[in-house]
Amino acid sequence: MLRRAASPAAGLVLLLAFARAGSAQISITSTGGWTRVVTAADLQAGAGSDLNGTYESATNAVILAISNTTGNGDAWRVDARRTDTTWHASFTLYLKRTNNGGGGGSISGGTAYQAVNAVDNSFFSGTGDRSNVRVQFEITGVSIQIPPNAYSTTVTFTVVDT
């Protein structure tokens, strides 16, 4: 949720909720989330200046696990999409995978930031069961010009058996 209150001291808050989905065989679980409070301390040059326009989460804001594959050769793909509750058109949300996690099989893709849209887009792919896959987020387009509000979106990760 990105929230900007009328008072600069109250600031902005970004809260991302995460959902999970999967096929009957392979499953995905997600844990974690991200809340970002933007305050007067985030002004570029003090009073009268704009806010910093970009913010990043920790490299492990969300942890994903893919399980119930049929073995190390069972291929899958993780898709991601965004469902807005209250969102400003100036914001762009990005995500990237920051590690390979652990487990059998392999994992590839998703290590550069990519935009999260309202439709499923391929995030990364792999084979076999994987755990402790870390995800980082970035939001751009934040500005003092955006009306105060509580902005929020939900990111849904879906595993597709390929």
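Could you tally the net charge around Asn121, taking each other residue with its Cβ under 11 Å from the Cβ of Asn121, Lys/Arg +1 and Asp/Glu -1?
Net of charged neighbours comes to +1.
Any idea how far apart Asn60 and Thr92 come out in nm if each label point goes 7 Å out from Cα toward Cβ?
So the label points at Asn60 and Thr92 sit 3.0 nm apart.
Using only Cα atoms, figure out Rg for the range 2-161 and give it as a multiple of 2.2 N^0.38 Å.
The value comes to 1.14.
In the range 2-161, if the dipole is taken from +1 on Lys/Arg beta carbons and -1 on Asp/Glu beta carbons about the Cα centre, which of Gly141, Thr59, Val37 is farthest to the positive end?
Going by the charge dipole, the pick is Val37.
With viscosity set to 1.002 mPa s and temperature to 20 °C, compute the Stokes-Einstein D of the range 69-162, Rh being the Kirkwood radius across alpha carbon pairs; µm²/s, no decimals.
Roughly 148 µm²/s, to the nearest whole number.
Normalised by the residues of the chain, what does the relative contact order come to in percent, with Cα pairs under 8 Å and at least six apart?
35
Each reported figure results from applying straightforward, stated rules to the coordinates on display, with no laboratory input. All values reported here derive from a predicted model rather than from experimental measurement. With ideal geometry, Cβ positions are generated from the backbone for all residues, glycine too; neighbour counts draw on all protein chains shown.
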